[in-house]
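Just below is one structure, and these are the notes that go with it.
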Amino acid sequence: MAESITAQRRFPGWDKPEQLDLSKADWQSGSHGAGDVQIAFVEGFIAMRNATAPGSPSLIFNPAEWRAFVLNARAGAFDLT
């Protein structure tokens, strides 16, 4: 079964496709193998999924959103304190 995402609602400024085929995505894990997150670069977008539940929905980022996410993660914005 081909994996794809479907946007349920369109929001102002939403620039993501209504369908994105993830069935042939080259999923990559972190360099240290730690954590359960995988990412794939597909059709100019970045998909992120839970590696322990690969059939669950993926988050889809455009390049600007991905950059903001990575910069904030590096700055500790998502760290539990």
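No value in this document is a laboratory result; all are computed from the given coordinates. Owing to the predicted nature of the structure, the values given are computational and were not obtained by experimental measurement. FYI the Cβ positions are ideal-geometry reconstructions off the backbone, even for glycines, and counts take in every protein chain you see.
Size of the range 26-81 from its Cα atoms: along the principal axes, largest to smallest, the extents are 30, 25, 20 Å. The label-point distance for ARG67 and GLU18, in a model that sets each label 7 Å from Cα toward Cβ, rounds to 2.9 nm.
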